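The values are calculated or read from the model by the stated rules, or taken from the named source; none is laboratory data. Bear in mind the structure is a predicted one, so any value in this text is a computation, not a measurement. Reconstructed Cβ throughout: ideal geometry from the backbone, glycine too, with neighbour counts over all protein chains shown. Calculation scope for accessible area: heavy atoms of the full protein, side chains included, ligands and nucleic acids excluded. Shrake-Rupley method; radii C 1.70, N 1.55, O 1.52, S 1.80 Å.
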Amino acid sequence: GPNSTHALEMRKGLMQKRQTSTFNIVLNYVSETITQDHRNVIDLAAQIWETLLPRTLSVNNGVLEIDVRFDIIDGQYFNYGSGGPTEIGISGSVVYPKKGEIVFDIDDVEELLFFGFLGDIALHEIGHVLGIGTLWEYYPEIAQILELPYEFTGERGRSMFNRQLVQDTPIDMP
């Protein structure tokens, strides 16, 4: 199949030029069905996030643990994965993720790996563990640190999101 790490390697190289970080994402692979090929791609996605997060991000001593597992979510082709914090910490007025979990749909993961999309899904789900879209109201600093808008306004993403809405008026995807 196509090289599923090529695009991620290119992104990682670009991000490393931006800055180096001491932030560390520790991935705990808890499913026996996760192969080394899966790990290589998911590890690379975590490394990209590590390069995006600044050295000054000192919540939880700069470490975020994420359990990664494959499980049945909804069958093939709908939800490829899910992710979010499983334990949060509070430092002053800042709420931050201490631990998290990513689940990939076992019915989709091999195809995602083959066609080179597993890394993109991993990047997305790690973002949720970091608080993007899950702790927004409690942890807006992550958006400021990464210089992100609070809404995704990309044309293709908005189009896909709005196709799933029942209402007639398109909105920006949170």
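Overview of results
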item: In segment 62-137, trypsin sites (Lys or Arg not before Pro) in a DSSP loop with at most 14 other beta-carbon atoms within 10 Å; result: none
item: For segment 32-132: accessible area per residue (Å², 1.4 Å); result: 47
item: Extension reserve of the S82-S31 stretch, reckoned as 0.36 nm per residue once the Cα distance is removed; result: 16.8 nm
item: Neighbourhood net charge (10 Å Cβ-Cβ; Lys/Arg +1, Asp/Glu -1) for V68; result: -2
item: Accessible surface, 1.4 Å probe, highest first, among residues V63, V30, V103; result: V30, V63, V103
item: Relative contact order (%) - segment 60-106, alpha-carbon pairs under 8 angstrom, separation at least six; result: 51
item: Interchain or long-range residues, amide H under 5 Å from L64's placed H; result: N24, I25, V26
